[in-house]
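Visitor: Below is one structure. I have some questions about it.
Values in this text are rule-based calculations from the coordinates and carry no lab data. For clarity, every value in this text was computed on a predicted model and none was experimentally measured. Here Cβ is always computed from backbone atoms with ideal geometry, including for glycine, and neighbour counts include all displayed protein chains.
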Amino acid sequence: MEKAYPKENRIHSSEQKPFSYYECAIPNWFGCVPMHWHSEFELNFIREGSAEFICGEEKFTSRAGDIIITQPNVLHSIYPCPNVSQKYDTLVFSCEIFGGSGQDRYISECIKPLVNGTMKIPTRITSEHCYYSEIEMMTENIFACARGDRPQLDMLMRSELIRLFWLLGEEAETTPGIGDPADIIRPALEYVAEHFSERITVAQLAESVHLSESYFMDRFRKHVGLSAVEYVLHFRIEKACQKLLGSDENVLDIAYDCGFRNISNFNRRFRRIAGCSPSEYRSRSER
C-alpha cells in the first residue's frame, strides 16, 4: 500500500506555474483537512460559514471574511464546526512566485526568513485589522488571477502577493533559532499516515516519539487540537472520503482499507464527521 505521510505529497507548483488554486467546501466536499504540512505557503479566504482552524500553535474558529496565511512547514488542519459548513478559496504557492534569486536582498531578508520560520507574519487577518480593506482587495485580486489562470494574470498575482507580504511584513516578528514546538509530535503523525489501515494504539504513537503516554497525550492535544484517538479517526474518515470520490470500490472494502473492522461503526463515525452516510457522500459529490 502506498504511504500517505502527513507531509503532503501533492505537487502544488512547478517552474512554469508556482501555485495551485482550489475552491473548497467543508464538510460538503470533504469531511476535514487532517493535520499536515507542506513546503509551500497557503492562503485561505473564507467566503461563507465557519470551521475550526489549527495553524501551528494558533487555534481559532474562522468566520466569513477571514484571510488566513500559513507559512511553509507549519502544521495546520481544518475541522468542521457542528452543523455549520464553510466555503473558502485556497491558494498554495511556492516562494518562487516572488521571483528574483537567492542573491536579491529582498528575497534573502524578507522572503527566506518566512520560509525557514525565523520570521512570522500574522496568520489570521480579520475585519478588525487596521489594513483589512486593503488586504481584502489584494486577496480578491489574487484569487481572481488564480481563477483566470493566464500568464498575463500571473504577473498581476505576483505583484499583489508582493504587496500583501510587504504590508504584513510591517507586523512580522523575528524569532531566530527557535524551532517549531510541534516538531515533537510529527513522527506520530507520520506513523498514523503510514499505518492508518492497521490497529493503532496510544502506546504505539507515544513510542514513536519516545515519550510517556501521559506526556504524549498532553503534547498531542496541545499541538493538534484533538486527542490522538480522535485524530486517527478523522484521518481515517478523510482517507475514506478520498477513496469514495476517487474509486469505484464498495463501501465495505473502503471501510476495511481505512482501518475499520465493523461496517456499522464506520457508517456511524462517518456520519458524525461528514454529516451524511458514505453512499450519500459519494452520490452528492458526483452530482
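Visitor: Once you've got the Cα coordinates, tell me which of K17/K59; K17/K87; K59/K112; K87/K112; K59/K87 are over 28 Å apart. It would help to have the intermediate numbers written out before the result.
Guide: Details: K17/K59 31 Å; K17/K87 25 Å; K59/K112 25 Å; K87/K112 31 Å; K59/K87 19 Å.
Exceeds cut-off: K17/K59; K87/K112.
Visitor: Would you mind calculating the gained length between E171 and E134 on full extension (0.36 nm times residue separation, minus the Cα-Cα distance), in nm to one decimal?
Guide: Details: separation 37, 0.36 × 37 = 13.32 nm, distance 1.51 nm.
Length difference between fully extended and current span is 11.8 nm.
Visitor: Work through the residues other than H129 whose Cβ is under 11 Å from its Cβ and net out their charges, Lys, Arg +1 and Asp, Glu -1.
Guide: Numbers: positive: R124; negative: D66, E128, E134, E136, E171.
After counting each charged neighbour, the total is -4.
Visitor: Sum up the charges of everything whose Cβ sits under 14 Å from the Cβ of E213, counting Lys and Arg as +1 and Asp and Glu as -1, but leave E213 out.
Guide: On the way: positive: R219, R221; negative: E207, D218.
Once all neighbours under 14 Å are counted, the net charge is 0.
Visitor: Angle, helix 151-168 long axis vs. longest principal axis of the chain, Cα atoms, 0 to 90°, nearest 10?
Guide: Once rounded, the angle reads 90 degrees.
Visitor: Could you tell me how many degrees, from 0 to 90 and to the nearest 10, lie between the Cα long axis of helix 263-274 and the main elongation axis, the longest principal axis, of the Cα atoms of the chain?
Guide: Here the helix axis deviates by roughly 20 degrees.
Visitor: Against the 2.2 N^0.38 Å scaling, with N counting residues, where does the range 96-239 land? I'd like the Cα-based Rg ratio to two decimal places. Present the calculation step by step, with values, prior to reporting the outcome.
Guide: Numbers: Rg = 20.2 Å, N = 144, 2.2 N^0.38 = 14.5 Å.
The range 96-239 yields a ratio of 1.39.
Visitor: Here is a further query. Please state the Cα pair-distance histogram of the chain with 10 angstrom bins from zero: what percent is in each bin?
Guide: Reading the bins upward from 0: 6, 26, 34, 23, 10, 1.
Visitor: Which aspartates and glutamates, if any, have their Cα less than 18 Å from the Cα of K243, not counting same-chain residues under 8 positions apart?
Guide: K243 reaches E2, E8, E194, E198, D253, D257, E280, E286.
Visitor: So between E198 and E109, what do we pick up on full extension, going 0.36 nm a residue minus the alpha carbon distance? Before the final figure, lay out the partial values.
Guide: Values: separation 89, 0.36 × 89 = 32.04 nm, distance 4.56 nm.
Contour length minus Cα-Cα distance gives 27.5 nm.
Visitor: Something else: Under 14 Å from the Cβ of R63, count the other residues' Cβ atoms, weight Lys and Arg +1, Asp and Glu -1, and hand me the total.
Guide: Local charge sum for R63: -2.
Visitor: Scan around A51 for amide H atoms under 5 Å from its own, H built in the peptide plane at 1.01 Å from N, and keep only partners 5 or more places away or cross-chain.
Guide: Long-range HN contacts for A51: S62.
Visitor: Next question. Evaluate the relative contact order of the range 19-174 (contact order divided by residue number), counting alpha-carbon pairs under 8 angstrom at least 6 apart; express in whole percent.
Guide: After rounding, I find 25 percent.
Visitor: Give the Debye-formula value of log10 I(q)/I(0) at each listed q (0.09 Å⁻¹), with one equal scatterer per alpha carbon of the range 19-174, two decimals each.
Guide: Once normalised to I(0) and log-transformed, intensities are -0.27.
Visitor: Can I ask one more? Would you mind checking the radius of gyration and Dmax of the range 40-130 based on alpha-carbon positions, in Å?
Guide: 14.6, 50
Visitor: Check which residues have an amide H placed less than 5 Å from G65's amide H, if you skip close sequence neighbours.
Guide: Long-range HN contacts for G65: I46, R47.
Visitor: Enter the angle in degrees (range 0 to 90, nearest 10) between the Cα long axis of helix 228-246 and the first principal axis of the Cα atoms of the chain, meaning the one along which they spread out most.
Guide: 80
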